[in-house]
Structures are given as C-alpha cells and as structure tokens.
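Undergrad: I have a structure here, written as structure tokens, and I will follow up with some questions on it.
The values are calculated or read from the model by the stated rules, or taken from the named source; none is laboratory data. Please read these numbers as outputs of a predicted model, since none were measured by experiment. In this analysis, Cβ positions are derived from the backbone assuming ideal geometry, glycine residues included, and neighbour counts consider all displayed protein chains.
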Amino acid sequence: MRRTAALLLLLLDMITSRARAQALDWTAINDEALHTLADYIKVNTTDPPGNELDAARFLKKILDKEGIEATIYDTTAIGANRANLYARLKGNGSKKAVALVSHMDVVPVAPAFWSVDPFAGVVKDGYIWGRGSLDMKGQAIVQLMAMIAIKRSGVPLNRDIVFIGNADEEFGGEGAVQFVKSHADLLKDVEFLMTEGGENLVVDGKLKYYGVGVSEKQTFWQKVVVTGVPSHGSRPTKQNPVPRLVVALARIARYETPLHVLPDVQKFLHDIAPQYKGEQRAWLADVRSAVKIPRARKWLTDNIYWNAILRNTISLTMLQGSNKTNVIPAEASAQMDIRLLSDTDPAEFLATLKRIANDTAVHWVNQIEPKTKLQSPIDTDLFRAIEKASHERNPNVIVTTPMFTAASDRPTYRALGIITYGFDPFLVENEEMHSGMHGNNERLAVSNVGFGVKYLYDVLRYVQ
Ligand SMILES: [Zn+2]
C-alpha cells in the first residue's frame, strides 16, 4: 500500500510540474534579450571610474519586475557610485546552487576608431554594436534572460540559481574580492559557478570546439630594479645600473621554462588531435610523451597559445634607464609579465628566477599578489550538462578545456571551494572576438543573443 501511495505521489508530482512548466515564446524572449542588451550597453560603466551602481540598479529593476529578489551591495566599500549586485532564484534546495557571474564594468573606448557610438546600443547589419557586447554585457544579459526564462517556464529547480554582477573586473578585480570577503555567507551553498573565460573556437565560419575554461594562469608580475650612482655619461663607471640590469635580463630572456602538462591541457590537446594528421596527431594525442621528443617539442611550442598553456611564461615588457643620453641614472628597472601554471608555487618560481639572474644587486619587487590557484575538476554534473547542451546543437563538435592564459575573477570565487568554469554562450568568429574584445567596433551577432539564452537555459535545466 505504502509503495502504491508513493507511486501515486510521484505521478501527481510529475503531472503538476508538467502543468507548471509553461511553454516559452523564444522569439519574444530573444527580442527582449536584444533590447535589454542594447539598454545595458547604454549604461556607461567605463572603468575607471566604473559607475557600476548604475548597472546594478538597471539589473535590479529587471529582476524586481520578474519577482526575483535582488540586492545591491558594497556601495561604499569599492568607491563612489560603485557596487555589486546579488540575486537568487529559489529552487527546492535538494541540491547545491549554481551561480552565474558577470562583471558590470567595461574597458575604455577610443571613439575616433569606432564606426558607431560605442554606448548607444546600435543594432544594424545583423549585429548589436557597443562596448561590452562581447566583454561581457552580452553574456550578462544571456545569464539574466536564461534565469528569467527558467522562472517563467516553471521548470522545477533542485538547485537555486544565483546571479551576481561584480564591479571592477577590468581594473583591479576589487568588486569580486570585496563581495567574497563581505558576503561569503551568500555563497556557502554554491557548488558551481559560470563566468567569462571559456572560448568556443570558430574559424572561417566553422565551429572547431566548445571550450569550457577549467583553469587559468596565475598573474605574477615582477619589477626588477638595480640601483647605482648617477654621473656624467662621458666618463663610464662601474656603478652604472643599466649594464648590470641588462646582463641579468639577458639571462632571464634566455631561460627556457620547463614544459609541464596539466590535466585540462592534456585533455584539450588530446581532444583536438583528430583535427591533425600523421605524427602531429600522435603528438597531440599523447602530449606528455611528445614533449620529450625535440621535434614535437618545437612544433608544439611554435604555437604561441600551446606554448603558453604548456609552461610558465615570462614576457619582458617594460624597460627604464636614464632619460638623457649623457646621464648615467641612479636606477635602472624593468618589468615582466609572468604567467604561472595553476600548480606552480609563485615563491618557488621567484627563487628560480633569482638563481637564473644570478646577481644580488638585482632587486625583485612583486607587482601583483597572485590569486588562488584555479584548477576546477572536469568530471562534474555541470560539465556533463554543458556537454549535453552543446552536443544537441552540434553532435560532431567536441566539448573541451582550452586554458585561459589571462586572468579573470574566477580564482576569487574558487577560493571558497566553488567549482568555477569559464563558459562562452556565443559562437563568435575568432578574428572578430580578438579584434572587438577591448578593441574597436566591438559587436555581437544578433543571432548569438538568442543562441546564448537558449543554450544557457538548457545547461541550467540539465544541471538540475
Ligand atoms: Zn571580461
């Protein structure tokens, strides 16, 4: 009897949840998403100064209208007219929450190089144009609309869906840092988080892979300084700091960091191997063995992206000596952009660099505190949900794990133990992505807006 009653209850639950699930008008939702994105682009959040409070109010107004509780936080902690936004769509709580995170700020523009007003939200020629359309107001509106679509559809939720808008990602990342510091309690039940840092690769109109970012490099910028005694350039001295610095820099420049294959890099190169032929295919399929073969090593590292995901990298970028030809300066300095693999210990790497430079007169000054190491597991319900939604769209396209070589807010959240993925909801031609992001004439195909909302909506349903 008891079993019959349980079955009846289950049946009843299935019927009611189906009745609750509303059919969605996707054409109307896509249109709404496009207009919302156009309006969001008009909220100028160029950072500095940011003014993300305006963006937070814009998003909160939409969430309020949908009956999704939203709160604006940190209105004083990050600076004037700055803020973070937090909202939560409640589920039944039987599983842990999934968070959608975006940054509300954008990088500055050089309007003279744009063919449209970068803050007008212009829609023309099949594109929506404007600063942030790619990075990352487009994705923010996809997140917002996917969550709203879930709410409107009445899909039963086992996991709450959390929506966060952060300030200051493009400048110092203070928004996310402040949010995690002050409101960790709001995130204690969050298991998964999705934000920027994934990349679906499209070349010549062909989708090569769906890319989920599970790790990123640690930014470890260093300044090196040598001090000397200033004097007239006509009489060379041993106390000139410039040649001394140059010798140390030459040693650093010649230094080849070891190749080291992380699990997501191994998976990524293995996944793309079938796109190559002959020995190259074999090298990619087993990259741990390939890095021991000189010819394979050269081929792999000639690709600047693969080189950057296979090792710690050092780019010497800034040099400062005297500001006058005939003056020996009191100080010479250089700066280097160092990016470490997620399992490298920064202190150990610095010790190696000091040993290579081999001069105690060279002083090393840390320019940026390394964030928490980011390496999220691949074998998860969220990864499988992304795979399912991706394969429904393109059954023969792989879902893989290209590493992000730059920095995002993800490590800040990963520090709380949250599994964080870089997720890209769009199919943007590679060239367009790289010229538009932080560049001029940033734009997103109108078709991508609708594609993104439905894609993320499916991922959110499948991870339940
Ligand atoms: Zn961004």
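Undergrad: Please verify whether residue 435 is within 16 Å of the ligand (Cβ to nearest atom) and of a type outside the set (A, V, I, L, M), treating the condition exactly as stated. Before the answer, list the steps.
TA: On the way: within 16 Å of the ligand (Cβ to nearest atom): yes; of a type outside the set (A, V, I, L, M): yes.
Against the criterion (within 16 Å of the ligand (Cβ to nearest atom) and of a type outside the set (A, V, I, L, M)), residue 435 qualifies.
Undergrad: Scanning for something more than 16 Å from the ligand (Cβ to nearest atom) and closer than 28 Å to residue 121 by Cβ, does the range 393-406 turn up at least one residue?
TA: For the range 393-406, residues more than 16 Å from the ligand (Cβ to nearest atom) and closer than 28 Å to residue 121 by Cβ: present.
Undergrad: Right, here's the next one. For the range 199-231, how many residues are of a type in the set (Ser, Thr, Tyr) and at pLDDT 95 or above? First the steps, then the outcome.
TA: Quick first cut of the range 199-231, residues of a type in the set (Ser, Thr, Tyr) only: 209-210, 215, 219, 227, 231.
After this cut, where a residue has to be at pLDDT 95 or above as well, the list is 209-210, 227, 231.
Counting residues in the range 199-231 that are of a type in the set (Ser, Thr, Tyr) and at pLDDT 95 or above gives 4.
Undergrad: With respect to residue 191, determine if the residue is among the acidic types (Asp, Glu) and either within 16 Å of the ligand (Cβ to nearest atom) or more than 25 Å from residue 399 (Cβ to Cβ) (or both). Can you show your working first?
TA: Numbers: among the acidic types (Asp, Glu): yes; either within 16 Å of the ligand (Cβ to nearest atom) or more than 25 Å from residue 399 (Cβ to Cβ) (or both): no.
Judged against the criteria, residue 191 is not a match.
Undergrad: Failed condition for residue 76, given (1) part of a loop (DSSP other than H, G, I, E, B); (2) without any contact (Cβ under 8 Å) to a residue 40 or more places away in the chain; (3) surrounded by 22 or more Cβ atoms within 10 Å (Cβ to Cβ), with all others met?
TA: (3)
Undergrad: Residues in the range 357-401 that are of a type in the set (A, V, I, L, M) and either in contact with a Leu (Cβ under 6 Å, 6 or more places away or on another chain) or loosely packed, with under 13 Cβ neighbours inside 10 Å (or both): how many?
TA: Residues in the range 357-401 being of a type in the set (A, V, I, L, M) and either in contact with a Leu (Cβ under 6 Å, 6 or more places away or on another chain) or loosely packed, with under 13 Cβ neighbours inside 10 Å (or both): 2 in total.
Undergrad: Identify, from the list 37, 9, the residue that is modelled with pLDDT under 95 and more than 14 Å from residue 175 (Cα to Cα). Even if it seems obvious, please write down each step before you answer.
TA: Working: 37 fails: modelled with pLDDT under 95.
Only one candidate qualifies: 9.
Undergrad: To continue, here is another question. Across the range 354-386, what is the number of residues that are in contact with a Phe, Trp or Tyr (Cβ under 7 Å, 6 or more places away or on another chain) and not β-branched (Val, Ile, Thr)?
TA: 6
Undergrad: In addition: Return the residue satisfying two criteria in turn: it lies in the range 99-118 and is of a type in the set (Gly, Ala, Ser) and surrounded by fewer than 20 Cβ atoms within 10 Å (Cβ to Cβ), and of such residues it is nearest to the ligand (Cβ to nearest atom).
TA: Of all residues in the range 99-118, those of a type in the set (Gly, Ala, Ser) come to 99, 102, 110, 112, 115.
Filter once more, so that each one left must be surrounded by fewer than 20 Cβ atoms within 10 Å (Cβ to Cβ): 110, 112, 115.
Numbers: 110: 18, 112: 23, 115: 22 Å.
Here the residue is 110.
Undergrad: Same structure, new question: For the range 169-215, which residues satisfy the criterion of being part of a loop (DSSP other than H, G, I, E, B) and at negative phi? I'd like the intermediate steps shown before the answer.
TA: The initial filter retains those residues of the range 169-215 that are part of a loop (DSSP other than H, G, I, E, B), namely 169-173, 188-189, 196-200, 204-205, 212, 214.
Hits for the range 169-215 are 169, 170, 171, 172, 188, 189, 196, 198, 199, 200, 212, 214.
Undergrad: Just checking, which of 214, 202 is among the hydrophobic types (A, V, I, L, M, F, W, C), crowded, with 21+ Cβ neighbours inside 10 Å and touching a residue at least 40 places away in the same chain (Cβ under 8 Å)? Explain how you work it out, then say what you get.
TA: Numbers: 202 fails: crowded, with 21+ Cβ neighbours inside 10 Å.
Among 214, 202, only 214 is among the hydrophobic types (A, V, I, L, M, F, W, C), crowded, with 21+ Cβ neighbours inside 10 Å and touching a residue at least 40 places away in the same chain (Cβ under 8 Å).
Undergrad: Here's another thing I want to ask about it. With respect to the numbered conditions (1) within 16 Å of the ligand (Cβ to nearest atom); (2) not in a loop (DSSP other than H, G, I, E, B), which one is the sole condition not fulfilled by residue 152?
TA: Here residue 152 clears every test but (1).
Undergrad: Filter the range 297-330 down to residues that are in contact (Cβ under 8 Å) with a residue 12 or more places away in the chain, touching a Leu at 6+ places or on another chain (Cβ under 9 Å) and either surrounded by fewer than 11 Cβ atoms within 10 Å (Cβ to Cβ) or more than 17 Å from residue 221 (Cα to Cα) (or both), then give me how many there are.
TA: Selection size over the range 297-330: 7.
Undergrad: Within the range 424-443, is even one residue under 12 Å from the mean Cα position of the chain (by Cα), at pLDDT 95 or above, surrounded by 18 or more Cβ atoms within 10 Å (Cβ to Cβ) and closer than 20 Å to residue 386 by Cα?
TA: yes
Undergrad: In the range 444-453, which residues are surrounded by fewer than 24 Cβ atoms within 10 Å (Cβ to Cβ) and closer than 8 Å to residue 30 by Cβ?
TA: Our first condition is that a residue be surrounded by fewer than 24 Cβ atoms within 10 Å (Cβ to Cβ); within the range 444-453, this holds for 445-448, 450-451.
Result: 450, single match.
Undergrad: Now, a different point. Of everything in the range 216-246, what is outside any strand (DSSP E or B) and either closer than 30 Å to residue 389 by Cβ or within 16 Å of the ligand (Cβ to nearest atom) (or both)? Give them in sequence order. Walk me through it before giving the result.
TA: Residues of the range 216-246 outside any strand (DSSP E or B): 217, 220-221, 228-230, 233-246.
Within the range 216-246, 217 is the sole residue that qualifies.
Undergrad: Continuing with this model, one more query. Only one of these is within 20 Å of residue 66 (Cα to Cα), basic (Lys, Arg) and surrounded by fewer than 21 Cβ atoms within 10 Å (Cβ to Cβ): 151, 124, 96, 137. Name it.
TA: Result of the check over 151, 124, 96, 137: 151.
Undergrad: Is it fair to say residue 121 is within 16 Å of the ligand (Cβ to nearest atom), part of a loop (DSSP other than H, G, I, E, B) and in the same structural domain as residue 77 (by TED's automatic domain parsing)?
TA: Details: within 16 Å of the ligand (Cβ to nearest atom): no; part of a loop (DSSP other than H, G, I, E, B): yes; in the same structural domain as residue 77 (by TED's automatic domain parsing): yes.
Spelling it out, it is not the case that residue 121 is within 16 Å of the ligand (Cβ to nearest atom), part of a loop (DSSP other than H, G, I, E, B) and in the same structural domain as residue 77 (by TED's automatic domain parsing).
Undergrad: A further question on this structure: For the list (1) among the small types (Gly, Ala, Ser); (2) farther than 26 Å from residue 107 by Cβ; (3) not in a helix (DSSP H, G or I), I need the number of the one condition that residue 133 fails.
TA: Every listed condition holds for residue 133 apart from (2).
Undergrad: Give me the pairs, please: first residue somewhere in the range 149-163 and assigned by TED's automatic domain parsing to the domain that holds residue 102, second residue anywhere and of a type in the set (Phe, Trp, Tyr), beta-carbon distance under 6 Å, and either six or more positions apart or on two chains.
TA: 149/457
Undergrad: Considering (1) more than 16 Å from the ligand (Cβ to nearest atom); (2) in contact with a strand residue (DSSP E or B) (Cβ under 9 Å, 6 or more places away or on another chain), say which one residue 143 fails and leave the rest.
TA: Exception for residue 143: condition (1).
Undergrad: Answer with yes or no whether residue 132 is among the small types (Gly, Ala, Ser) and within 16 Å of the ligand (Cβ to nearest atom).
TA: Values: among the small types (Gly, Ala, Ser): yes; within 16 Å of the ligand (Cβ to nearest atom): yes.
Taking the combined requirement at face value, the residue satisfies it.
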